[in-house]
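Here's the structure we're looking at; comments come further down.
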Amino acid sequence: MTATVSSPAKHLAREFGAGGHVSTELIDRIKYAADASHFLYTPQVVAEARNAKDVAAAFRASSASGTPLVLRSGGTSLCGQGGGDGIMLDVRKHFRGVEVLDGGKRVRVQPGSTVRQVNAHLAPYGRKLGPDPASEGAATMGGVIANNSSGMSCGTEFNTYNTIESMTFVLPSGTVINTADADAEAQFAGAEPELVATLERLKRRVRGNRESVETIKRHFALKNTMGYNVNAFLDFEAPLEIFEHLLVASEGTLAFIAEAVLRTVEVPKLKTTAIAVYPSLDAATRSLPALFDSHAATLELMDSRSIKVGRTFDSVPEQINGFELGGQAALLIEYHANEEEQLREYEAAGTKLLTEFDLETQARFTTDPSEAARRGRSARGSTRRWPRHAPPAPPRCWRTSRCRWRTSLTPAAAYRSSLTATPTTRRSSSATPRTATSTSSSPTASRATTT
Ligand SMILES: Cc1cc2nc3c(=O)[nH]c(=O)nc-3n(C[C@H](O)[C@H](O)[C@H](O)COP(=O)(O)OP(=O)(O)OC[C@H]3O[C@@H](n4cnc5c(N)ncnc54)[C@H](O)[C@@H]3O)c2cc1C
């Protein structure tokens, strides 16, 4: 590709200097064209950030060339937020640091480290991260924070929004703030007066309107990662605290998260697992409230397509075999406890419930770790094989409707339910991707949200 005067590649090459990795080679651009979603955006240029300064330089190049910029980390996003047709900036490779703090109660992470790597550092302390996406082997902390990813056990209580303690971020203007600094609020107000005034104005606007307050409370009472975390305007007072929590789930549209400190959670000492196969998806979902009330820690849904994929694994749990597959659905059910007696109590309650449901195969709990892992793999692993079996792209644009983790469904199940669900978009109805434009000195994004 020939660089023109305003080509983003030329701006990037100048900003990164000698030794900077900037490429317009087709093979590199195609490598970054797909994330785990159905969208395909081939970037014009790809670059690797070596440090936060490179990210600030890339923001400048984006601004100077008027080319949208997308931050790419693990690239496992399911709704297209990891793709773009302008500048693609890899922020995974050179940001791998992990530091365990306070005997594992907190952890400092750089954004390119994966969930599994961070948890491996925490394991000797009997602790782990709150967010537990099924993609833990590839999903990185940058993506987890920017997507507010969760998983089967974390719910809303232990997601990033609720476990983030502080972070260092880089704004498109080049301002760098570490929210842990004692004078961070003053730094923020001094460097970004317009942004701070806007946050104050929005806070007043949200809090002064009863309908807005009620809408936000209603939407965020449940797991909700659609749109910005506007609940931050109700939950926090100071502009920097609000902004920090808006960055969670901002999908790279507001700033680059260069480092973060998160509170961790205890790894339960004991767990027991069962797979229950129901005659229909409807029957499976109807059983959820009772199972939830019985203190199930994990309820993971497999629809019939997931069961079909799960059956192709080398080691298949007997519960999902031995019947003709039609519209059945299965639930992976887990109870967690630290005491044997407590676990037995939960298990007895779960077993009693399962006898009351109309099941296709006999469901029994096991505490055997290898059997539990096999069951877990069949539920979570089937999602990894999903793309091969995926039907053609859905008829409407996910990029705007953004079906994300509204419920604790596996990706496969979430995918299927999204085909029939009514879109509940709270975003812009235009399909404009995130941009860092030449006029933007404030947040990188064109991502629109309503309250
Ligand atoms: C098989 C499978 C299972 C999954 N299971 C789950 C699940 O259980 N729960 C769940 O919530 N999600 C799940 N996901 C979705 C996805 O894996 C997660 O959301 C994951 O956390 C994304 O991380 P990533 O490193 O791949 O981020 P990417 O896809 O690279 O990026 C995600 C977003 O974050 C932005 N970003 C990345 N790094 C930074 C940074 N440093 N600063 C600012 N912005 C940044 C990007 O621009 C992008 O918008 C699953 C996906 C797959 C393929």
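The values are calculated or read from the model by the stated rules, or taken from the named source; none is laboratory data. Just so you know, these numbers come straight off a predicted model, no measurement behind them. Methodologically, a virtual Cβ is constructed for each residue, glycine included, from the backbone with ideal geometry; neighbour enumeration extends over all protein chains shown.
Below, the figures for the structure above:
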read-out: Meets criteria (near the ligand (Cβ under 7 Å from one of its atoms), over 12 Å from the mean Cα position of the chain (by Cα) and either among the aliphatic types (A, V, I, L, M) or under 25 Å from H11 (Cα atoms) (or both)) for V70; value: yes
read-out: Selection from region 60-74 of residues that are in a loop (DSSP other than H, G, I, E, B) and touching a helix residue (DSSP H, G or I) at 6+ places or on another chain (Cβ under 8 Å); value: T67, P68, S73, G74
read-out: Region 236-246 - residue that is in contact with a helix residue (DSSP H, G or I) (Cβ under 7 Å, 6 or more places away or on another chain) and assigned to a helix (DSSP H, G or I) and, of those, farthest from V144 (Cα to Cα); value: P239
read-out: Given (1) part of a helix (DSSP H, G or I); (2) within 27 Å of L78 (Cβ to Cβ); (3) within 15 Å of the ligand (Cβ to nearest atom), number of the condition D28 does not satisfy; value: (3)
read-out: Answer residue from region 254-281, given it is away from the ligand (no atom under 16 Å from the Cβ) and not in a strand (DSSP E or B) and is farthest from E356 (Cα to Cα) among those; value: V267
read-out: D314, sole failed condition from (1) away from the ligand (no atom under 16 Å from the Cβ); (2) surrounded by 21 or more Cβ atoms within 10 Å (Cβ to Cβ); (3) at pLDDT 75 or above; value: (2)
read-out: Where V176 falls short, out of the listed (1) in contact with a Leu (Cβ under 9 Å, 6 or more places away or on another chain); (2) under 28 Å from E15 (Cβ atoms); (3) aliphatic (A, V, I, L, M); value: (1)
read-out: Extreme residue, farthest from the ligand (Cβ to nearest atom), among residues of region 97-122 that are among the charged types (D, E, K, R) and touching a residue at least 24 places away in the same chain (Cβ under 8 Å); value: K105
read-out: Residue check, G84 crowded, with 24+ Cβ neighbours inside 10 Å and either outside any helix (DSSP H, G or I) or not basic (K, R) (or both); value: yes
read-out: Looking only at region 177-231, and only at residues there that are among the polar types (S, T, N, Q) and more than 30 Å from S77 (Cα to Cα), the one that is surrounded by the fewest Cβ atoms within 10 Å (Cβ to Cβ); value: N209
read-out: Tally of residues being under 26 Å from L222 (Cα atoms), more than 8 Å from the ligand (Cβ to nearest atom) and in contact with a helix residue (DSSP H, G or I) (Cβ under 9 Å, 6 or more places away or on another chain) across region 137-156; value: 2
read-out: Counted residues, region 293-330 - those being in a loop (DSSP other than H, G, I, E, B) and closer than 14 Å to A363 by Cβ; value: 7
read-out: Among (1) over 23 Å from P133 (Cβ atoms); (2) in contact with a Ser or Thr (Cβ under 9 Å, 6 or more places away or on another chain); (3) more than 11 Å from the ligand (Cβ to nearest atom), the one test that A33 misses; value: (1)
read-out: Any hit, region 59-71, residues being surrounded by fewer than 19 Cβ atoms within 10 Å (Cβ to Cβ) and without any contact (Cβ under 8 Å) to a residue 40 or more places away in the chain; value: no
